[in-house]
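The block underneath contains the structure these notes are about, expressed in C-alpha cells.
Please treat every number below as a calculation from the coordinates, not as lab data. Everything quoted here is computed from the prediction, not taken from an experiment. Here the Cβ is made from the backbone with ideal geometry for all residues, glycine too, and neighbour counts use every protein chain on show.
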Amino acid sequence: MKVTEHIQNAKEKTLFSFEILPPKKGENVDSVLKNIEPLLQYNPSFIDVTYHREELVYNEFPDGRITKHSINRRPGTLGTSSIIQHKFGVDTIPHILCGGFSKSDTENMLIDLNFIGIQNVMALRGDASPHETYFSAHPNGNRFANELVKQIVNLNNGEYIDGHTTSNKTNFQIGVAGYPEKHMEAPNLQNDMKYLKQKIDTGAEYIVTQMFFDNQAYFDFVEKCRAAEIHVPIIPGLKPISTHRHLNIIPHRFHIDLPQNLIDDIENAKTTKEIKAIGIQHCIQQCEELLDFGVPALHFYSMGKAKNVEEVVKEFF
C-alpha cells in the first residue's frame, strides 16, 4: 500500500513509522530484524530503509599504479526492504540517492524494487562524501533530488534512460525530504521552499521532514508550504535525545537548533539514565502537541536504536 493510502485509510487515526539503517558491511540482516522487532508490536504503517553511497579511497603508488577500495558502504537496502515487507507485512520505503550512483544504477535498483513488490521510495540527493567539501554527483547521475524524482516518474510512465518505452510500467509513490530549519546549503528558507515545491511539482506526493526539537519550526514550515501551494502530507521527523554528546553531534550533523530548555535539562542531568529520560519525555511532549495539530503520521529516526523510540511510541500506539 502507498503512503498516502495509509494516511487516507487511517481517517482520524495518526500513523506511526520509523527509519532504520541496513546492516553494516559484513553483517547480516538478523541484527536489523532483532532491533526492529520490539517496535513491530505497535503496528507501524511503514518503515524507511536508508541507502548509503559508496565511499571510495584512492591509493597512488610510486610506480604510477592507482588502486581504489570501498569503505563504509552499507549493503542490503533492497534485501532488507524485501525481508521486512514480506516477513512482517509492513510496507517498506527504501531510500534512493543521487550521490554515488549513476542513472543506470538507479534504474537497476528501481527495477529490482518493482520486481519484489515495493511500491514506495524516498528520493534524496544525499550528502557529500566525507572526502568532499561539497556534494558532487556521479558523472552520469542525477545532480538534484528533483532530477531523481523525474527519473522515477519517467519509469512509472514506462520510459527508460536509453529511450526504450514499455507498457510494463512501475508504480512507485515518491516521498521527498523537507527541512523546517532549511537545508544547510540553501541560502535561506524561502529559496529552499522553491526547490521543495519543484520536487512536488515534478511528481513527489508526500514530505518527511528532517528531525526537529522545537515544534514551532514544524508549524511554521507547514504554514509556509501551504502558502507556497504545497498541499501534500507533511510527516514530522522525530528523535529522542539519549546522550550528552547529542547536544553537539545533532546540531553539527543535521544543522538544526535545540531548544534552550532541553539543553539546560540535559546539562543539569547527573547520569546517562537521567539524560535518556529527559530526551524521551521531551519527545513525548512533542508528539502530544503534534497530535493535537493533526499531523498525518509520527516518523521516528531510530538510527539503529529502537529502545528509546519504543519508550515514546508505547505512550500513543
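Values computed for the structure shown
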quantity: The chain: DSSP helices with Cα axial extent of at least 27 Å and average Kyte-Doolittle hydropathy no lower than -1.0; calculated: 272-293
quantity: Chymotrypsin sites (Phe, Trp or Tyr not before Pro) lying in DSSP loop within segment 92-199, provided at most 13 other Cβ fall within 10 Å; calculated: Tyr134
quantity: Segment 93-242 - convex hull of alpha carbons, volume per residue in Å³; calculated: 130 Å³
quantity: Net charge of neighbours whose Cβ lies under 12 Å from the Cβ of Lys182, counting Lys and Arg as +1 and Asp and Glu as -1; calculated: -3
quantity: Cross-link reach list, lysines versus Lys305, counting only Cα pairs under 29 Å and skipping chain neighbours closer than eight places; calculated: Lys2, Lys13, Lys24, Lys25, Lys34, Lys87, Lys182, Lys239, Lys270, Lys273, Lys276, Lys314
quantity: Given the chain, longest segment not containing exposed loop trypsin sites (Lys or Arg not before Pro) (DSSP; at most 16 other Cβ within 10 Å); calculated: 170-244
quantity: Share, in percent, of DSSP beta bridges within the chain that are antiparallel, nearest 5; calculated: 20 percent
quantity: Ranking of Asp48, Asp292, Asp112, Asp214 by count of other Cβ atoms within 10 Å, fewest first; calculated: Asp292, Asp112, Asp214, Asp48
quantity: Three-way shape label, the chain, alpha-carbon gyration tensor, a/c 1.5; calculated: rounded
quantity: Segment 221-313: GluC sites (Glu not before Pro) falling in loop per DSSP and having at most 16 other Cβ within 10 Å; calculated: Glu229
quantity: More than 16 angstrom apart: percent of Cα pairs within segment 205-288; calculated: 55 percent
quantity: Within the chain: Cβ-based charge dipole about Cα centre, in debye rounded to nearest 20 (Lys, Arg +1; Asp, Glu -1); calculated: 540 debye
quantity: Segment 113-222 - charge dipole about Cα centre, Lys and Arg +1 at Cβ, Asp and Glu -1, debye rounded to 20; calculated: 240 debye
quantity: Under 5 Å, built H, 5+ apart or other chain: amide partners of Ala297; calculated: Leu15
quantity: Amide H partners (placed H, <5 Å) of Asp48, local residues excluded; calculated: Phe18, Glu19, Ile20, Ile93
